[in-house]
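I have placed the structure first, in the form of structure tokens, so that the comments after it can refer back to it.
What follows is calculated from the coordinates using simple rules that are stated; it is not laboratory data. Everything quoted here is computed from the prediction, not taken from an experiment. For neighbour counting, all protein chains shown are included, and Cβ atoms are generated from backbone atoms with ideal geometry for every residue, glycine included.
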């Protein structure tokens, strides 16, 4: 029986709507913190980046742009504008933003005071038998706090930070995954060729079928056979954990992540044959478009001299990375790992992805000693990373000289509002003061709990943190303890 794995996301489908109702749910102080948190992150990473960048316009990024525009602060690309009905900026905003100025910014936190603040929290029995941690000032790269920072631990889904960073580094944020249809030289065979896009939709299949039908008609073909090509990926399709509602078979061709319900995140009943199902759905679309399809679709490579007659591109890699991190999407994470393998000339299987991601992290000068990137999603308990690896990656993503990695930060869930942090940092937890100031990737396996991300400290500096715990017996209590650790980085009362 498969063990419990990464928690499902509870991110609302309309995060902006939730934020608009903030005043009825939270006090004015927390409203300011969400606005300030988004603005601070954007200014630290690169002036206006969170406002200007971002392809995921139907989700978190759009809400952040609107939030930032709503604040009448200086330095943003929407200076002087505020959306009707948006929360008023707090009087303290100029002071916080002014602290980010490279000339006037306050000195970093004193490591000794940080150790004092974290000591009783990291010793919480709820965290289990082993805890390792790292806290880094992203502006300087200096480690402010470390406890077993170089100790390899099971990362669970926090490994998605590494997967995302490697993919962005190897492929670039604008890369799109192509799904194509090819017509044989004799016009008798159409082949649906999977490129590895797990987000392919029924609407995309319909569009591909329409284009293919026009090509068939132009070729005066009376009928076609349909084949489908999944050769882009190699090796076993099943993840080492086996059949599991958190992940479909990893194949180069699937529709809606092989989900058999109307969900778009979290656990779901999955197709046993996502590639075959996609091909059969495509055959139906072809028939509706007027193409006579002979026989049932069969798996085969596209003929060598076949020409491409239809192409669908995925959303940009930047958007896929953000969706992966916000929703803790295992299917996209595994796809990102294999796309990295292809880009690096490795075999597009679990082993090749492991080698490729590790190589790309080394290229980014990340400490990989003791690391084992067993998979892209973090579902494999054999995976190991160190807290220092995660905080170094987050610092790299915050480096203004590496804008291509920025989506690692902008995809992180926002405490109390989005993704797998949407139900955490709520009233009654003692951590509500950190709402909106923390953005972090969660990680949960049986007996393993992790939290890694960024936080704005009392000096207005962006810190990267990673807390990895093992041996816990009560997941909710462990999560609360991790939340308290991150909240402590925001200062007293966080």
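What is the diffusion coefficient of the range 229-374 in µm²/s, taking the Kirkwood radius over Cα pairs and the Stokes-Einstein relation at 20 °C with a viscosity of 1.002 mPa s?
125
As a footprinting exposure proxy, order 483, 284, 457 by other Cβ within 10 Å, with the fewest listed first. Mind dumping the intermediate values first?
Details: 483 25, 284 15, 457 22.
Starting with the residue having the fewest Cβ neighbours, the order is 284, 457, 483.
Please report the projected area of the range 296-377's Cα convex hull averaged over all directions, in nm².
Its Cα hull, projected and averaged over all orientations, spans 7.9 nm².
On each of the three principal axes of the Cα atoms of the range 178-314, give max minus min coordinate, whole Å, ordered largest first.
47, 29, 26
Quote the Stokes-Einstein diffusion coefficient, in whole µm² s⁻¹, for the range 140-215, based on the Kirkwood radius over alpha carbon pairs, a temperature of 20 °C and a viscosity of 1.002 mPa s. Walk me through the numbers before you get to the answer.
Working: Rh = 16.9 Å.
This corresponds to a translational diffusion coefficient of 127 µm²/s.
Considering the Cα trace of the range 372-464, what is its radius of gyration and what is Dmax, both in angstroms?
Rg and Dmax of the range 372-464, Cα atoms, are 14.1, 40 Å.
I need the semi-axes of the equivalent ellipsoid of the range 341-394: take the C-alpha gyration tensor, multiply each eigenvalue by 5, square-root it, list largest first in whole angstrom.
18, 14, 8
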